[in-house]
Amino acid sequence: MKTTQNTELTERLIKDRGMEVFLNLMEAPATAGELSDRLGFSRAKINYILDTMLKQDFIALHSEKVNGSVVEKCYTSNANTFHLFFGRDNSEADKVSAILYMLDTMKSNLIVNLNNQDSFHLGMVHAKIPPERAREYMERLRQLQAEFDDENLVSDDPDCRWYTMAVSLFHGPTPSLNLDERN
């Protein structure tokens with residue numbers, strides 16, 4: 001999601017389940033009616049979330065269709081990448097929703113690439129490091145994500161292809177077995 005100065009508004013959007021709307025618009029453009037049907041939210045709630053995200057420039061108007069006297073607006077995400085920082089104040093449902101979306105997207109894309117001639121990298125690393133070092137790594141990951149975002153701005157080359165990078169850094173349980181040491 002684009003970085004915003006209004007963190008309170010972003011937090012409210014997440015708590016109001018706006019993240020689900022945003023993630024759906026990252027997948028494909030949609031109208032308020034389509035989002036309401038897909039997510040099971042009231043039309044009023046969808047319109048509130050869309051209006052808020054439009055004001056913050058998280059989404060944009062994709063197209064308009066005139067159907068008799070009704071103008072149907074179709075919206076799309078303004079971002080191809082996003083990052084979230086969840087704290088103790090966020091509900092478990094908010095966190096799980098974002099995690100499941102990312103895992104499902106990764107799983108689908110990895111399975112497609114299994115039969116593809118292109119190579120891909122999949123790795124999991126466990127490291128015992130002090131918290132200040134973890135903060136340094138997190139900052140480097142943010143910088144790398146910013147580089148990916150900048151690439152999106154200049155990718156008019158027809159030979160460019162989409163790549164997905166999913167990264168998380170979190171305090172986890174101590175691994176009982178280092179997979180590199182098994183062989």
| Condition check for Ser176: at pLDDT below 70, part of a loop (DSSP other than H, G, I, E, B), surrounded by 10 or more Cβ atoms within 10 Å (Cβ to Cβ) and not aliphatic (A, V, I, L, M) | no
| Here is a list of conditions, (1) under 28 Å from Leu25 (Cα atoms); (2) exposed (fewer than 11 other Cβ atoms within 10 Å of the Cβ); (3) at pLDDT below 80, and Glu147 meets all of them except one; can you say which number that is? | (3)
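On the basis of being assigned to a loop (DSSP other than H, G, I, E, B) and at pLDDT 80 or above, does Asp57 make the cut?
Taking the combined requirement at face value, the residue satisfies it.
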| request: Report, ordered by the first and then the second residue, all pairs with beta carbons closer than 6 Å, sequence separation of six or more or different chains, a first member in region 38-57 that is without any contact (Cβ under 8 Å) to a residue 24 or more places away in the chain, and a second member that is outside any loop (DSSP other than H, G, I, E, B). | output: Leu39/Glu20; Arg43/Ser36; Asn47/Ala32
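The values are calculated or read from the model by the stated rules, or taken from the named source; none is laboratory data. Because the structure is predicted, anything quoted here is derived from the model rather than measured. Positions of Cβ are generated from backbone atoms using ideal geometry, with glycine treated the same way; all protein chains shown enter the neighbour counts.
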